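The values are calculated or read from the model by the stated rules, or taken from the named source; none is laboratory data. Note that the structure is predicted; figures quoted are calculated from it, not measured. Because the Cβ atoms are built from the backbone with ideal geometry, glycine has one as well, and the counts that use them run over all protein chains shown.
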Amino acid sequence: MSPEQKRRGALLLSLMVGAAALGFLMFGSLGDNLVYYWSPTELIDAGTKAQGASIRLGGMVVPGSVVWDEGGKSLTFQVTDNENTVTVHNRGVPPEMFREGIGTVVEGTIDRAGVFQATRLLVSHNNEYRAPDQEDGHMDDPFKSVEGL
Amino acid sequence: MNKTLLLGALGVLVMLVGHGIGLFYAPPEAYMGDTGRILYVHVPTAWVGMLALTAAFAMAVGALWNGKAIWDSYMEASIEVGVVFSAMLLAQGSIWAKPTWNTWWTWDPRLTTSAIMVVAFIGVLLLRGAVHSPSRRMAFSAVATIIAFVDVPVVYFSVEWWETTHQGFSGRDNVDAVMRFPLLVSLAGTTLLGLAFIKARQRIAWARHLEEERAPDLPETPAPLSLPDPSNQKENLG
């Protein structure tokens, strides 16, 4: 083989390997096994198997469900995926961003009473970037001309 | 003086205008407050990093197709700029994650695949450093670049394919115009700066290529030393 044929052979082979790897990631069963967090439904379906196991639970904080325990050292709230709801108990102060209706990921385990005992509480910001006081709208006015960008 | 410098200077200027509007004119984000302003740095960094690595992939294909050293020099430059921006991306993300998510790092799919991307391309650079022969260096690193590039679309689509803490795609409808404007300006400026970095780095790679051509490689295995035969020594000494 000439050096050129070798090079182009290597090109073809590496493109094929790359495409196969990408195809596997996209359409293989990897997606089902690669789980960053469980939804409340998945957690409930797991039943007693989930008790004591180290789990990440993700979902939305149910509006109106946040209750501070006496002394403000821990709080209880509900996490939902709009199908099922799990009660979460978290020790310690939640991050500043924590609020009702926000996405959350808690790490911990579920106890026998079905309450998720969180040892770590993360919140996630969604893909919205909004100016405060949307009703005023005055901050947007100077940018009306670039609205279409 | 030269076009690359001019391009870079223009990029910095536009970027600073974008950052200035983002810092001093745009309002704080409704929930994140001033922390949300890191958007104007983070998104352009991600964009330029992935653009550079995509360019590296295209250069790798070109290098293997026609074997000209010019492709190799652009590939080397693009990978290096891509690695620098992607590493900065991880650092910025971490700084943003602490006050918003309440952690410096979590093994979320977007974060994990991004970390793999940085490490994979650092690996390609290490490989380049380890191969002495220019033609083999080009071929080996081009193949490695094509394989490493698999992770780049995975990083991009990770927020679609899997559950993440990282937010999903934002578009025109998700970002207020008052924030979108500085973001787009920063994006344009950072892109120009990134392109200037690639061009400047390519010149260095090309200069080295010319050096290598002028002074070709020593043979891979040096010829054994020919020592004088001791039996002839007396004769030689005369």
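Annotations for the structure displayed:
- Flag if residue B:53 is away from every other protein chain (no Cβ under 11 Å), touching a helix residue (DSSP H, G or I) at 6+ places or on another chain (Cβ under 6 Å) and modelled with pLDDT of 95 or more: yes
- Residues that are under 15 Å from residue B:9 (Cβ atoms), within 14 Å of another protein chain (Cβ to nearest Cβ) and of a type in the set (Phe, Trp, Tyr), drawn from the stretch B:176-201: none
- Checked across the stretch A:76-95, the condition of being within 10 Å of another protein chain (Cβ to nearest Cβ), at pLDDT below 90, out of contact with any Gly (no Cβ under 9 Å at 6 or more places or on another chain) and under 29 Å from residue B:98 (Cβ atoms) holds for at least one residue.
- Top-ranked residue in the stretch B:46-79 [being within 17 Å of residue B:199 (Cβ to Cβ) and of a type in the set (Phe, Trp, Tyr); ranked as surrounded by the fewest Cβ atoms within 10 Å (Cβ to Cβ)]: B:71
- Counted residues, the stretch A:45-82 - those being surrounded by fewer than 14 Cβ atoms within 10 Å (Cβ to Cβ) and over 15 Å from residue A:114 (Cβ atoms): 11
- Of all residues in the stretch A:96-125 being within 14 Å of another protein chain (Cβ to nearest Cβ) and among the aliphatic types (A, V, I, L, M), the one that is farthest from residue A:40 (Cα to Cα): A:97
- The set of residues from the stretch A:24-55 being within 17 Å of residue B:150 (Cα to Cα) and within 10 Å of chain B (Cβ to nearest Cβ) comprises A:24, A:25, A:26, A:30, A:31.
- Of the residues making up the stretch B:2-36, those that are away from chain A (no Cβ under 14 Å) and more than 26 Å from the chain's Cα centre (by Cα) number 1.
- Meeting the requirement of 2 or more residues that are among the acidic types (Asp, Glu) and out of contact with any Lys or Arg (no Cβ under 6 Å at 6 or more places or on another chain), the helices (runs of 4 or more DSSP H) wholly within the stretch A:1-120 are A:40-46.
- Taken as a whole, the condition of being more than 26 Å from residue A:103 (Cα to Cα) and out of contact with any Phe, Trp or Tyr (no Cβ under 6 Å at 6 or more places or on another chain) applies to residue A:13.
- Screening residue B:165 with (1) in contact with a strand residue (DSSP E or B) (Cβ under 7 Å, 6 or more places away or on another chain); (2) of a type in the set (S, T, N, Q); (3) within 19 Å of residue B:85 (Cα to Cα) gives one miss only, at (3).
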